[in-house]
Amino acid sequence: MHSRSVTFDLSMLLGVLLLWGPMESRGQNDTEPIILEGKCLVVCDSTPSSEPSGNALGMSVRSGSGRVAFSASRQTNHEPTDMSNRTMIIYFDNILVNVGNHFDQESSVFLAPRRGVYSFNFHVVKAYNRQTIQVSLMLNGWPMISAFAGDQDVTREAATNAGLVIMEKGDKVYLRLERGNLMGGWKYSTFSGFLVFPL
């Protein structure tokens, strides 16, 4: 009687374990996050490629080589008469950050190294009162976002804006001065951007 009871209990336990195993594996295959001790499992790539790749879990594996960011400032005033090429590109002569070296200081143009969503922001200060400044963020020659400052009684007024832009590999972004004069002394005028994530 006792041995029959033990056999019955073991067979029931084995049946429960067999049923539990497939249910557990089905949950993991449905792209649910893998949890270990209450934390999500992080997947690392020891030999990362230059471009992000997908894996069986549907996650992107990004490497340190995919980091892209820049920030630059203007140390002197920027007058329209200084722009001999008539492109009205705002030049930034002081590099604060240039991770990946995709911002060219000489041309003040950012070149996208890969397709992705990029974040840009700019803050420019007008040099004189009784004038209006207007600045546009240009993507391949087309204005994406703009900002202006036009209070005639304020000298140190700033025009600022920020936005997300989808860029293809090789796309170019820069700032164009539509009107006015920028103040650069003490690095008041800045331009920054970074890769949010690749697509």
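The table below gives the values:
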item	result
Length released on extending from residue 197 to residue 128, taking residue separation times 0.36 nm less the Cα-Cα span	21.0 nm
Area accessible to solvent at residue 190, 1.4 Å probe radius, in Å²	30
Simple label model, 7 Å out from Cα along Cβ direction - residue 69 to residue 171, nm	2.1
Trypsin sites (Lys or Arg not before Pro) restricted to the range 99-179 and DSSP loop, no more than 13 other C-beta within 10 Å	130, 156, 169
Square roots of five times the Cα gyration tensor eigenvalues for the range 69-198, Å	25, 14, 13
FRET efficiency, 1/(1 + (r/R0)^6) with R0 35 Å, evaluated for residue 94 and residue 178 via beta carbons	0.95
Farthest toward positive dipole pole in the range 69-198 [+1 Lys/Arg, -1 Asp/Glu at C-beta], among 170, 150, 121	170
Potential extension, residue 105-residue 153 segment - 0.36 nm per residue separation minus Cα distance	13.9 nm
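The values are calculated or read from the model by the stated rules, or taken from the named source; none is laboratory data. Note that this is a predicted model, so its numbers are computed, not measured. Cβ sites come from the backbone with ideal geometry, for glycine too, and all protein chains shown count toward neighbours. When the accessible area is computed, the model is the full protein with side chains, heavy atoms only, and any ligands, DNA or RNA have been set aside. Shrake-Rupley method; radii C 1.70, N 1.55, O 1.52, S 1.80 Å.
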